[in-house]
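**Q** Here it is, the structure in full.
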Amino acid sequence: MLELSILGFLAEEPLHGYELKERIKALTGHVRPVSDGALYPAITRLVAAGLLDQHTEPGAGAAPRRILALTGKGRAELLERLRHPKQTEITDQVRFNTVLAFLRHLPDPREQAAVLRRRLDFLQAPTSFFYASGKPVRAEEATDLFRQGMLRVARATGEAERAWLREAVERLDPPGAQP
């Protein structure tokens, strides 16, 4: 998720590390904060792999700033990760939001729709936070007011997301469209 965020934000424009960290924090920080101890080693790995380029510019105040930019190889890697997200990037809401934040970089609407279909397929399967006798517990079956609340909010959110996904897939890859 962190590397996808780095590649995605740098696909939009070159940034220095602090700006990049702030953008990642705005995307996922309230749920999964990013630390310098995770960010800078990830940047180092991506630079070593030839996915990022870095150069130094004079700082606004005193110290020079290290500017990061996506290389051609980095753009190709970003597109590959967007075309074929890992299963956890489909099933985990925060990770999926990261994919969604950069999916516009895929140039083919059908490839975009294929990713959305994977998420929609995942959301169609019955699930719950709680189970009884191996079956998902529905909000109406929960006897605890707070669990009932969790389940009702999750159902409403899921219904809204599924509706949006269906609309987006229809728009990106309408039935009967030519390949």
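**Q** Give me the percent relative contact order of the range 1-110, please, defined on Cα pairs under 8 angstrom at least 6 residues apart.
**A** 31
**Q** Ignoring ligands and nucleic acids, what accessible area does Asp53 show with a 1.4 Å probe (Å², nearest 10)?
**A** 80
**Q** Can you give the FRET efficiency for Arg104 and Thr143, using 1/(1 + (r/R0)^6), R0 = 41 Å, r = Cβ-Cβ distance, to the nearest 0.05?
**A** 0.40
**Q** Please arrange Phe122, Phe102, Phe129 by accessible surface area, largest first, computed with a 1.4 Å probe and ligands excluded.
**A** Of Phe122, Phe102, Phe129, the descending order of accessible area is Phe129, Phe122, Phe102.
**Q** If you take the beta carbon distance between Thr127 and Arg83 as r and set R0 to 30 Å, what does 1/(1 + (r/R0)^6) give as a FRET efficiency, to the nearest 0.05?
**A** About 0.70, to the nearest 0.05.
**Q** Now for a separate question. Please state the equivalent ellipsoid semi-axes for the range 100-179: what are the square roots of 5 times the Cα gyration tensor eigenvalues, largest first, in whole Å?
**A** Sorted largest first and rounded, they come to 33, 12, 10 Å.
**Q** Let me ask something else. Per-residue ellipticity at 222 nm for the chain, helices alone: DSSP H runs ≥ 4 residues times -39500 (n - 2.57), over residue total, nearest 500 deg cm²/dmol?
**A** When only DSSP H runs of four or more count, the value is -18000 deg cm²/dmol.
**Q** Compute the accessible area per residue over the range 5-134, keeping the other protein chains in place, probe 1.4 Å, unit Å².
**A** Ligands and nucleic acids excluded, the figure is 53 Å² per residue.
**Q** Report the accessible area of Lys73, computed with a 1.4 Å probe over the heavy atoms of all protein chains in place, in Å² rounded to the nearest 10.
**A** For Lys73, solvent-accessible area is about 130 Å².
**Q** Still on this structure, I have one more. Compute the relative contact order of the range 80-153 as a whole-number percentage, counting only Cα pairs closer than 8 Å that sit 6 or more residues apart in sequence.
**A** Over the range 80-153, the number comes to 21 percent.
**Q** Let me ask you something else. Running a GNM on the chain with Cα contacts under 10 Å, which residue among Arg166, Arg83, Arg95 ends up with the highest mean-square fluctuation?
**A** Of the options given, Arg166 has the highest mean-square fluctuation.
**Q** What residue among Ala26, Ala113, Ala11 shows peak mean-square fluctuation when the chain is described by a Gaussian network model with Cα springs under 10 Å?
**A** So, out of Ala26, Ala113, Ala11, the one fluctuating most is Ala26.
**Q** Take Val169, Val153 and sort them by solvent-accessible surface of the protein heavy atoms, 1.4 Å probe, largest at the top.
**A** Ranking Val169, Val153 by accessible area, largest first, yields Val153, Val169.
**Q** Then there's this: Probe 1.4 Å, all protein chains in place: accessible area of Ser35 in Å², nearest 10?
**A** 60
**Q** Can you pull the Kirkwood radius for the chain, inverse mean 1/r over Cα pairs, to one decimal in Å?
**A** 18.6
**Q** Given H placed on each backbone N at 1.01 Å, which residues far from Leu52 in sequence or on other chains put an amide H within less than 5 Å of it?
**A** Here Val47, Thr71 satisfy the definition.
**Q** Please report the carbon-and-sulfur percent of the accessible area for the range 55-158; probe 1.4 Å, protein heavy atoms only, DNA, RNA and ligands left out.
**A** 56
The values are calculated or read from the model by the stated rules, or taken from the named source; none is laboratory data. Model, not experiment: these values are computed from the prediction. Cβ coordinates were reconstructed from backbone atoms using ideal geometry, including for glycine residues, and neighbour counts include every protein chain displayed. Protein only, heavy atoms only, side chains kept; ligands, DNA and RNA dropped before computing areas. Shrake-Rupley method; radii C 1.70, N 1.55, O 1.52, S 1.80 Å.
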